[in-house]
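Visitor: What follows is a structure written as structure tokens; I'll ask about it next.
The values are calculated or read from the model by the stated rules, or taken from the named source; none is laboratory data. Everything numeric here is computed off the predicted structure, so don't read it as measured data. Here the Cβ positions follow ideal geometry from the backbone for every residue, glycine too, while neighbour counts run over all protein chains shown. Please note that ligands, DNA and RNA were not included when accessible areas were found on the heavy atoms of the full protein model with its side chains. Shrake-Rupley method; radii C 1.70, N 1.55, O 1.52, S 1.80 Å.
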Amino acid sequence: MSWRIAIVGRPNVGKSTLFNRLTGRRRALVDDTPGLTRDRREGAGRLYDLRFALIDTAGLEEAAPSSLAGRMRAQSMKAVEDCDLALFVLDARAGVTPQDEHFARALRKAGKPVLVIANKVETGSKTDMAVAEAAGLGLGEALAISAEHGEGMSDLHAELRARAPADAVVADDADTDETEMPAGEADAPAVEPAIRIALIGRPNVGKSTLANALLGEERMLTGPEPGITRDAIAVPFAWRGREFRLIDTAGLRKKARIDESIERLSVGETIKTVREAHVCVLVLDAQTMLENQDLQIARLAVEEGRAIVVAVNKWDLIEDPQAALRKLRDRIEISMPQVQGVAFVTVSALHGRKLDDLMKAIVGAHERWNADLSTPKLNRWLEGVTQAHPPPLVRGLRPRLRFCRQVGVRPPTIALFGNKLTELPGDYQRYLINSLRETFDLPGTVVRLQLRAGKNPYASD
């Protein structure tokens, strides 16, 4: 979509609520706390017969450029520079504030077309005065809506329709489900869709810096303050002719330390992102290696069956790389047996080092995650592995493994048929999974084993 619309305004005026309304789903976090949105979020906007790219932005605040609020404002103004139309949202219940006036001047200076939106005008509310005050901003008359309740959408459509380019208008019968999928995926190739990469890890390990390095632009807010990222922001990019969607997530702390409603929202969004990702990149701080919280985060990705790659960031700060590498390798092998052989790459997001190696590891992990294993080869493997190490006796009886076949991918899932499989020890199941990884070249891949009672379903009577 070539028509780009940015939603801007001071904090807590309802920008994210309007973004969710126009994208047709709850993509942006919404809360009464001012300043919840920090990074730019993009989505496929839709209003009746109009289609457009929609950008949600952080609240505009007066602050020093080097401060977090100042960097948030710079991101918002960058969205204004890149858009074709800015929706300047005001809180009609609060009226026009000095802060609104300040940023109205900034929008006039930017020289972009602006449509003023007086939000939170619910039926029966007395907000006519605020709407009239908005005319004094020098940006035209304000349009009264309620983004939360969907009131005034037909009036908004009329205003947008008058400004829309021809390619933003579609026929009424061209009703698609674009709003039911992540922005940008509606037009993705059916054969080879974009690989969704989620950057996960503790706060302040450099996830957003790594995201910017991979994207080649300052797309995500970064800084020394821990926990800057709150929303899970997805951004499309290409590498060696292949399409990807990179999702930066909020850092996950120990549950005992999560005591704010905003952080709980962010954690919920991160967990949802892990479930929807194809490849999870666990970002570590090279100076602390693997802490218990890192292992908890890795366990989340394993339980969800995602492909996993470990990115060890800030490697440029390590004084003895060889010793650190040995320690890291041993720590990963001991602490992450569920994904034995997982690929790890030492990177410096700040200096852009080893990013190609990281992308190669991501593509490789994705391919293994989609592995399609032939049934004859699987059964030859099963015969060999059980002859070399038969299942142990359980109360004097030995479980019999008769047949296996692949019943799923993403991750590879193998159904194992036989007798008394419920008594197959966990150690032996792990032995089978590790043997599968080694035999079929699936290092670092989550492999699931389903135990099913019965004979070979393909054997003749």
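Visitor: State which residue is modelled with the highest pLDDT when the search covers only the range 30-40 and only residues that are open to solvent by 20 Å² or more (accessible area, probe 1.4 Å) and not hydroxyl-bearing (Ser, Thr, Tyr).
Guide: Step by step, filter the range 30-40, then rank; the result is 38.
Visitor: Taking residue 405, is it open to solvent by 30 Å² or more (accessible area, probe 1.4 Å), more than 27 Å from residue 196 (Cα to Cα) and without any contact (Cβ under 8 Å) to a residue 12 or more places away in the chain? Before you say what the answer is, go through the steps one by one.
Guide: Details: open to solvent by 30 Å² or more (accessible area, probe 1.4 Å): yes; more than 27 Å from residue 196 (Cα to Cα): yes; without any contact (Cβ under 8 Å) to a residue 12 or more places away in the chain: no.
Spelling it out, it is not the case that residue 405 is open to solvent by 30 Å² or more (accessible area, probe 1.4 Å), more than 27 Å from residue 196 (Cα to Cα) and without any contact (Cβ under 8 Å) to a residue 12 or more places away in the chain.
Visitor: Still on this structure, I have one more. Scan the range 131-161 for residues that are at positive phi and surrounded by fewer than 15 Cβ atoms within 10 Å (Cβ to Cβ) and report the count.
Guide: 3
Visitor: Would you be able to tell me the number of residues in the range 417-432 that are surrounded by 15 or more Cβ atoms within 10 Å (Cβ to Cβ) and of a type in the set (Val, Ile, Thr)?
Guide: Residues in the range 417-432 being surrounded by 15 or more Cβ atoms within 10 Å (Cβ to Cβ) and of a type in the set (Val, Ile, Thr): 0 in total.
Visitor: I've got another one for you. Quick check on my filter: what residues within the range 331-377 are assigned to a helix (DSSP H, G or I), within 22 Å of the chain's Cα centre (by Cα) and not hydrophobic (A, V, I, L, M, F, W, C)?
Guide: 356, 357, 360, 364, 366, 367, 368 - these are the residues of the range 331-377 that are assigned to a helix (DSSP H, G or I), within 22 Å of the chain's Cα centre (by Cα) and not hydrophobic (A, V, I, L, M, F, W, C).
Visitor: Output the residue which, of all residues in the range 422-461 that are farther than 19 Å from residue 380 by Cα and not in a loop (DSSP other than H, G, I, E, B), is modelled with the lowest pLDDT.
Guide: For the range 422-461, the residue satisfying everything is 453.
Visitor: Restricting attention to the range 196-218, does a residue exist that is at pLDDT 60 or above, outside any helix (DSSP H, G or I), in contact with a His (Cβ under 9 Å, 6 or more places away or on another chain) and not small (Gly, Ala, Ser)?
Guide: Yes - at least one qualifying residue is present in the range 196-218.
Visitor: For residues that are of a type outside the set (S, T, N, Q) and either touching a helix residue (DSSP H, G or I) at 6+ places or on another chain (Cβ under 7 Å) or open to solvent by 50 Å² or more (accessible area, probe 1.4 Å) (or both), tally how many sit in the range 346-396.
Guide: Adding up the residues that qualify gives 29.
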